[in-house]
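One structure below.
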Amino acid sequence: MAKETIRVYARVKPLGRRQEAGIYSIDDDEKSLSTLEVIVPHDLADGVVNNKRESYKFKFQKIFDQEAKQDVVFDSIAKPVAECVLAGYNGTIFAYGQTGSGKTFTITGGAERYSDRGIIPRTLSYIFDQLQKDSSKVYTTHVSYLEIYNECGYDLLDPRHEASRLEDLLKVTIMEDPDQNIHLKNLSLQQATNEEEALNLLFLGDTNRMIAETPMNQASSRSHCIFTIHISSKEPGSATIRRSKLHLVDLAGSERVAKTGVGGHLLTEAKYINLSLHYLEQVIIALAEKNRSHIPYRNSMMTSVLRDSLGGNCMTTMIATLSIDKRNIDESISTCRFAQRVALIKNEAVLNEEIDPRLIIVQLKKEIQELKDELVLVTGKERTSELSQEELLQLDELIGTFLKDNDPDSALDVGADMRKIKYCFVHMKELMNHSKISDRKSLSQHTSEEKDTNKEAEELEKMKELLQQRDNEISILYILVNMLKKEKKKAQDALFQLNAASAGIPCAVPSSADDYYLSVGENMSLGCQEAFEVFKRDHADSVTTEDNKQLLKQRFAEAKCLGEKLNEVRNKINNLKGKITQRHIQKAALAVSSPSEELNMLDPVEEKLRMQIEDEKKRYYFCLKLLPSCGR
């Protein structure tokens, strides 16, 4: 169905006994839209010069004056929408206006006379009457009744509603699926097989509604209520199901809070009502604007529930209820302005059809069985779901022959059996994956072997360097040991000569002090040996012996320090030689990449390194010269 704007109607409430009528006129033209003109005379208290507007004109699909009956309103407004819902389209009818303007009377109706029935009971009667007349389809009807009070949702058909407090009832919450379809959790769907059951559910919900006495109405609705009729239809034997829904919305009063003169709990209710209506107006304004990317549906619960009804897949109709009283003339003008904005919104209603999955399953099973029977007739044998072991072995042989054949024109012919074709694809894929894994393993093994070889070469170089360092240390220690042996021998010889001269013993000079003491001990008696030991202990030269020992330790320490310096100088010389070699490599690489005459010139860095090597060599030779002096 093509896009069409929301249909907007107006209904004027009859005046009461003490109410003074405002000035208005209705131009009802059957060929075009009806026009409502409201006159607001200038107030003399505002002064002689007053530029306030006096005349306000508004256009509607149809305007129902004070004498309009309920059946006429239903036939003009609700009946066309109900017919579309029976055909499979979604529909919405909502009433908007100030408190006491006749919204609830228009939607639900009055209880005094049967003729005062509103749109909801008349729509239920009309729908079930049409369902009984149409025997070509199977219909199923469900009903739900949602109340939005202080921005919280409640199920008016909940059996615990009367026996429980409002705070103890389950709240209806909004849930959205990935396709941005709205689902209401904790809102029950009650099946209604006939008109009587549906009216009983409507009566039950109306008794649970929140109403209160206000200065503008003795039984004012303090909440928004949405009565929804869900219809599903299906032709016998067909897999197509049509699902549609009809929202019948009774909004709370739209007047200003200051004008009502209420306070306390009623003031809180009025604030929430005006807030939700404000969000509704924001959605209406956003939908009326062109190229508007974001529509604030989520600001309130009511706009979220009515998302499809406002700018979506729905045929929507609005009834603007007006109270043409002098005190309420400003509110009536505000309601008409809101209705003009709603009339700019375009909806695109589509037929809601879906396929019954159970019937599809039955049809597919039947079709599969027919195809199997045809296959048996063609092949002459019944085909099972799995291949036999013989067939699998035969396929393996065919695949192996195909892979070994080097002819590019060769083909793998397994017939028109999809089971065999799938098996061949799976088997060849497994073979390719296996070969890829083998190639990766061999590559990783080769790489690991190269890494191990490089690591062994590095460790061998490190061991060679360590061995060379140990050889250098051993050479230095060998020199130091020889020097120490010489110093020890000199000290022993000096001590021997000194002791022999003091004792007056003429003998040949022994090779060492130990030989001397041994020869003296052999030629002495026991008493002389004891006296000789006392003499050695008490002789003045024993102090000289201790001094010589201390001097020997000092010279040993100096020799050790000189050895460390020799190693340090040698390492520096090797480091400088390595830098010179690196410079030679860099110059050779540069000569290959960009040969020029400047490369043959002297390198100042290399000259500096060579001078440092000469300085270190001088230090090395100087330390070597100092080593013999440590033994003097």
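The values are calculated or read from the model by the stated rules, or taken from the named source; none is laboratory data. For clarity, every value in this text was computed on a predicted model and none was experimentally measured. Cβ coordinates were reconstructed from backbone atoms using ideal geometry, including for glycine residues, and neighbour counts include every protein chain displayed. Heads up: the accessible areas ignore ligands, DNA and RNA and are worked out on the full protein's heavy atoms, side chains in. Shrake-Rupley method; radii C 1.70, N 1.55, O 1.52, S 1.80 Å.
Provide the per-residue ³J(HN,Hα) series for region 183-192, in order, calculated from phi with Karplus coefficients 6.51, -1.76, 1.60 and θ = phi - 60°, each as a whole number of Hz, with x at glycine and proline positions.
The phi angles translate into 10, 9, 7, 6, 9, 7, 10, 9, 6, 10 Hz.
Please compute the net charge surrounding Phe425, taking Lys and Arg as +1 and Asp and Glu as -1 over other residues with Cβ under 15 Å from its Cβ.
Values: positive: Arg419, Lys420, Lys422, Lys429; negative: Asp396, Asp413, Asp417, Glu430.
My count for the surroundings of Phe425 gives 0.
With label points built 7 Å along Cα→Cβ from the Cα atoms of Leu466 and Arg165, find their separation and express it in nm.
Reported label-point gap for Leu466 and Arg165 is 8.5 nm.
Which lysines, on any chain, are close to Lys31 with Cα under 16 Å apart, when same-chain ones fewer than 8 places away are left out?
Lys59, Lys62
What list of ³J(HN,Hα) values in whole Hz, one per residue of region 69-78 in order, does the Karplus curve 6.51 cos²θ - 1.76 cosθ + 1.60 (θ = phi - 60°) give from phi, with Gly and Pro shown as x?
For region 69-78, the Karplus curve yields 8, 5, 5, 5, 4, 5, 4, 7, 9, 8 Hz.
Would any residue of region 319-361 have its amide N under 20 Å from a label point 7 Å out along Cα→Cβ of Glu374? List them or say none.
Label zone hits: 360-361.
I need to check one value: relative contact order of region 122-181, counting alpha carbon pairs closer than 8 Å and at least 6 residues apart, in percent.
Values: 29 pairs, mean separation 12.5, N = 60.
Rounded, it is 21 percent for region 122-181.
What is region 318-470's relative contact order, in percent, from Cα pairs under 8 angstrom and six or more apart in sequence? Kindly include the intermediate steps, with their values, before the conclusion.
Numbers: 29 pairs, mean separation 15.7, N = 153.
Relative contact order, region 318-470: 10 percent.
Relative contact order of region 308-386, please, whole-number percent, based on alpha carbon pairs below 8 angstrom and at least 6 residues apart.
Here the relative contact order equals 30 percent.
Of all the accessible heavy-atom surface of region 268-388, with the other protein chains kept in place and a 1.4 Å probe, what percent is carbon and sulfur? Don't jump to the answer; show the numbers that get you there.
Working: 3570 of 6890 Å².
Within region 268-388, the accessible surface is 52 percent carbon and sulfur.
Could you run the Karplus curve 6.51 cos²θ - 1.76 cosθ + 1.60 with θ = phi - 60° over region 420-427 and give me ³J(HN,Hα) per residue in whole Hz, x for Gly and Pro?
Rounded to whole hertz, the list is 5, 4, 4, 4, 4, 4, 5, 5.
Calculate, in nm to one decimal, what Leu590 and Lys137 gain on full extension: separation in residues at 0.36 nm each, minus their alpha carbon distance.
Numbers: separation 453, 0.36 × 453 = 163.08 nm, distance 9.46 nm.
Residue separation times 0.36 nm, minus the Cα-Cα distance, leaves 153.6 nm.
By the gyration tensor of its Cα atoms, with a ≥ b ≥ c the square roots of the eigenvalues, what is the shape of region 287-352: rounded for a/c under 1.5, prolate for a/b over b/c, or oblate? If you can, show how the numbers build up before the last one.
Values: a/c = 2.17, a/b = 1.92, b/c = 1.13.
It is prolate, given that a/c is not under 1.5 and a/b is the larger ratio.
What is the set of long-range amide H partners of Thr316 at a cut-off below 5 Å, with H atoms built 1.01 Å from backbone N?
Residues meeting the criterion, in which the H sits 1.01 Å from N, are Arg7, Thr92.
How far is it, in nm, from the label point at Tyr478 to the one at Ile23 when both lie 7 Å from their Cα along the line to the Cβ?
Placing both labels 7 Å beyond Cα along the Cβ direction yields 13.6 nm.
Is region 78-191 best put as rounded, prolate or oblate by its Cα gyration tensor, with a ≥ b ≥ c the root eigenvalues, rounded for a/c under 1.5, and otherwise prolate when a/b is larger than b/c, oblate when not? Working shown, then result.
On the way: a/c = 1.69, a/b = 1.19, b/c = 1.41.
Oblate is the answer for region 78-191, as a/c is 1.5 or above yet b/c matches or exceeds a/b.
Of the cross-linked pairs Lys171/Lys271; Lys3/Lys103; Lys455/Lys608; Lys245/Lys346, which ones have a Cα-Cα span greater than 25 Å in the structure shown? Walk me through the numbers before you get to the answer.
Working: Lys171/Lys271 20 Å; Lys3/Lys103 28 Å; Lys455/Lys608 35 Å; Lys245/Lys346 19 Å.
As for pairs spanning more than 25 Å Cα to Cα, those are Lys3/Lys103; Lys455/Lys608.
Skip the ligands, DNA and RNA, and give the accessible area per residue of region 292-423 with a 1.4 Å probe, whole Å².
Working: 8360 Å² over 132 residues.
Value for region 292-423: 63 Å² per residue.
Using 0.36 nm times the number of residues separating His446 and Arg337, minus their current alpha carbon distance, what extension gain do you get? Can you show the working numbers first?
Values: separation 109, 0.36 × 109 = 39.24 nm, distance 8.44 nm.
Between His446 and Arg337, full extension yields 30.8 nm more.
Taking amide H positions as placed 1.01 Å from N in the peptide plane, with prolines and chain starts having none, which residues 5 or more places from Gly153, or on another chain, fall under 5 Å of its amide H?
Val172
What nm value, rounded to one decimal, do you get for the distance between Gln130 and Asp439 when each label is placed 7 Å out toward the C-beta?
Label at Gln130, label at Asp439, 6.9 nm between them.
So what's the net charge close to Ile63: Lys and Arg +1, Asp and Glu -1, counting the other residues with Cβ under 10 Å from its Cβ?
On the way: positive: Arg11, Lys59, Lys62; negative: Asp27, Asp28, Asp65.
After counting each charged neighbour, the total is 0.
Does region 386-443 come out rounded, prolate or oblate by the C-alpha gyration tensor, with a ≥ b ≥ c the root eigenvalues, rounded set by a/c under 1.5 and, if not, prolate when a/b is larger than b/c and oblate if not?
Numbers: a/c = 2.44, a/b = 1.52, b/c = 1.61.
Verdict is oblate for region 386-443.
Long-range amide H contacts for Arg117: which residues qualify at under 5 Å (H placed 1.01 Å from N, peptide plane, sequence gap of 5 or more or a different chain)?
Hits under the 5 Å cutoff: Gly110.
What number comes out for accessible area per residue over region 19-141 if the probe is 1.4 Å? Units Å², please. Write down the numbers at each step before the final one.
Details: 6430 Å² over 123 residues.
Normalised by residue count, the accessible surface of region 19-141 is 52 Å².
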